[in-house]
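Colleague: Let me give you the structure first, and then I'll get to my questions.
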Amino acid sequence: MATILITGGTGLVGRALCKALQERGYDIIILTRKSKPVAHNQQPEDRIQYAEWNIDTQTIDKDAIAKADYIVHLAGAGVAEKRWTKKRKKEIIDSRVRSGQLIVESLRNIPNKVKAVIAASAIGWYGADPVIPNPDPFKEDAPADKEFLGDTCRQWEQSTEPVNQLGKRLVKLRIGIVLSKEGGALREFFKPLKFGIAAILGNGKQMVSWIHIDDLVSMFITSVENENISGVYNAVAPTPVSNKELVLQLAKSRMKFYFPFYVPSFILKLMLGEMSVEILKSAAVSSAKIQQAGFHFRFPDIKTALQNS
């Protein structure tokens, strides 16, 4: 079976993807800053190995590159984990750009058999909806927004673009808000619900483009296996929802009793600083291109997605 080299394999999406790839019989190599010893209870059928890389020193395990048939590039510092200080912004950009550059240089200089690179990006590429609701959701050919996240995504995608020049297939998936019971955005939305509060952000009208983690994992696997998929695709469900609808649907799926509470925009700005702009931004993003490529969503609407998260 083919070997897939994964960066960011220990994160939320990476863990789910590795599990699904194992079930399909793929061999997996996870790149980490410090290679992990084989666990005593790890079985041969686990099919996971670990290899070292370091984006600061631009070094990578040459054998890992040589063994790989495909590369899935998920690495990147969490955008919402810390306040956007000048230092944190640099970490967010460097973790994406320098890792992409390391992959490209490795493919250029190390003999390999890699057929395709599947690289994560984000819908932070897009600006704000001109109107709400937006009758013309953002498509892949829209220009990158000039604010921090848009520019980060532009540099992120540019870092892997030379893969095409090396004669290898390149797929870039612009990922929306990922819904997973294992963490991520849902965990943050659920925190106030523990106290019976459904916290609607700002006026709640801003559109949220989301995707269930099972559909996202399936999209990555489809991108590996389908040679006709190439270029940029939005990894979002077909039905964006308002922040208010998302929060209230989550409350209905988890709680018998809850109190809707609107968190004023100025409070979010005080708490989050510049990051609040993204929290309050409305961005309806189209899934039409990936659907036209033959991809089918298991969870196309928010109600069924939350019931299975």
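The values are calculated or read from the model by the stated rules, or taken from the named source; none is laboratory data. Predicted model, so just to flag it, every value in this text is computed and none were measured. So basically every Cβ, Gly included, is an ideal-geometry build from the backbone, and we count neighbours across all protein chains shown.
Colleague: Would you point out which residue out of Ala198, Ala237 is surrounded by 21 or more Cβ atoms within 10 Å (Cβ to Cβ), assigned to a loop (DSSP other than H, G, I, E, B) and in contact (Cβ under 8 Å) with a residue 12 or more places away in the chain?
Modeller: Only one candidate qualifies: Ala237.
Colleague: Being free of Cβ contacts under 8 Å to residues at least 60 places away in the same chain and of a type outside the set (Asp, Glu) is the filter here; which residues of segment 74-88 pass it?
Modeller: Ala77, Gly78, Lys82, Thr85, Lys86, Lys87, Arg88
Colleague: What helices (runs of 4 or more DSSP H) lie completely within segment 244-309 and have 3 or more residues being on the phi > 0 side of the Ramachandran plot?
Modeller: No helices (runs of 4 or more DSSP H) qualify here.
Colleague: Give the residue that is nearest to the chain's Cα centre (by Cα), with candidates limited to residues of segment 167-183 that are touching a residue at least 12 places away in the same chain (Cβ under 8 Å) and in a loop (DSSP other than H, G, I, E, B).
Modeller: The extreme case among them is Gly176.
Colleague: Please work out which one of (1) loosely packed, with under 13 Cβ neighbours inside 10 Å; (2) not in a helix (DSSP H, G or I) is the condition Asp145 fails and give its number.
Modeller: (1)
Colleague: What are the residue pairs meeting all of these: first residue in segment 120-142, first residue under 21 Å from Gly78 (Cα atoms), second residue in a strand (DSSP E or B) and basic (Lys, Arg), Cβ atoms under 6 Å, and 6 or more apart or on different chains?
Modeller: Close Cβ pairs (under 6 Å, with a partner that is in a strand (DSSP E or B) and basic (Lys, Arg)) amount to Ser121/Lys172; Ser121/Arg174; Ala122/Arg174; Ile123/Arg174; Trp125/Arg174.
Colleague: Moving on to the next point. Identify, please: which residue in segment 137-166 is among the small types (Gly, Ala, Ser) and closer than 25 Å to Ala237 by Cβ and is, among those, nearest to the chain's Cα centre (by Cα)?
Modeller: The extreme case among them is Gly150.
Colleague: Out of the residues in segment 103-118 meeting the condition of being in a helix (DSSP H, G or I), touching a residue at least 12 places away in the same chain (Cβ under 8 Å) and surrounded by fewer than 23 Cβ atoms within 10 Å (Cβ to Cβ), tell me which one is nearest to the chain's Cα centre (by Cα).
Modeller: This residue is Val104.
Yes/no per residue for (1) at pLDDT 95 or above; (2) within 30 Å of Lys115 (Cβ to Cβ):
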| site | (1), (2) |
| --- | --- |
| Phe148 | yes, no |
| Asp151 | yes, no |
| Ser159 | yes, yes |
| Arg174 | yes, yes |
| Lys181 | no, no |
| Arg187 | no, no |
| Ile211 | yes, yes |
